[in-house]
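Quick notes on the structure that follows.
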Amino acid sequence: MTQVCIAAYVYGVVQGVGFRYSTQRKALTLALTGYARNLPDGSVEVLACGEKPAVEQLIDWLKSGGPRNARIERVLTEPRGVAEYQGFGIRH
């Protein structure tokens, strides 16, 4: 299978609602690596690396509303170079 890394920038009510932790749980169930981190503008950056279908599944989950308490307005994605991460972390 093809390994990919995709950065997703998630906008809306995504900080202070457990968004990063829910995203981490979802990513780990999909065997993805990378991270989720809050950005100063109130958005969240999600970097997901792994098998292409699993990364696409996480992006689809984000675009369909993501975690229960989040109110996602839009998700912008861009490909990134494949990189090695240990697990899926939460960055501050």
Please state which of the following conditions Ala83 fails to meet, knowing it meets all the rest: (1) in contact (Cβ under 8 Å) with a residue 60 or more places away in the chain; (2) surrounded by 13 or more Cβ atoms within 10 Å (Cβ to Cβ); (3) farther than 10 Å from Val10 by Cβ.
(2)
Taking region 78-92 as the region of interest, how many residues are over 16 Å from Ala27 (Cβ atoms) and at pLDDT 95 or above?
2
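Considering every residue within region 58-75, establish whether at least one is of a type in the set (S, T, N, Q) and within 20 Å of Cys5 (Cβ to Cβ).
No, region 58-75 contains no residue that is of a type in the set (S, T, N, Q) and within 20 Å of Cys5 (Cβ to Cβ).
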Pull up region 54-68, narrow it to residues that are in contact with a Ser or Thr (Cβ under 8 Å, 6 or more places away or on another chain) and closer than 14 Å to Val13 by Cβ, then point me to the one that is surrounded by the fewest Cβ atoms within 10 Å (Cβ to Cβ).
Arg68
Those residues of region 16-40 which are among the small types (Gly, Ala, Ser) and either touching an Asp or Glu at 6+ places or on another chain (Cβ under 7 Å) or at pLDDT 95 or above (or both), in sequence order
Ser22, Ala27, Ala31, Gly34, Ala36
If I go through region 31-43 residue by residue, how many of them are in a strand (DSSP E or B) and surrounded by 17 or more Cβ atoms within 10 Å (Cβ to Cβ)?
5
When Ile90 is run through (1) surrounded by 15 or more Cβ atoms within 10 Å (Cβ to Cβ); (2) touching a residue at least 40 places away in the same chain (Cβ under 8 Å); (3) assigned to a strand (DSSP E or B); (4) among the β-branched types (Val, Ile, Thr), the failure sits at (1)
Here are Val46, Val17, Val10, Val4: which of them is without any contact (Cβ under 8 Å) to a residue 60 or more places away in the chain and part of a strand (DSSP E or B)?
Val46
Is region 21-30 home to any residue that is outside any helix (DSSP H, G or I) and loosely packed, with under 13 Cβ neighbours inside 10 Å?
no
Residue selected from region 56-77 under the condition over 14 Å from Gln24 (Cα atoms) and among the polar types (S, T, N, Q), by the criterion modelled with the lowest pLDDT
Asn69
Test Glu56 against the criterion of being within 17 Å of Thr77 (Cα to Cα) and under 8 Å from the mean Cα position of the chain (by Cα), and give yes or no.
no
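The values are calculated or read from the model by the stated rules, or taken from the named source; none is laboratory data. Just so it is clear, the structure is predicted and the values come from calculations on it, not from any experiment. Because the Cβ atoms are built from the backbone with ideal geometry, glycine has one as well, and the counts that use them run over all protein chains shown.
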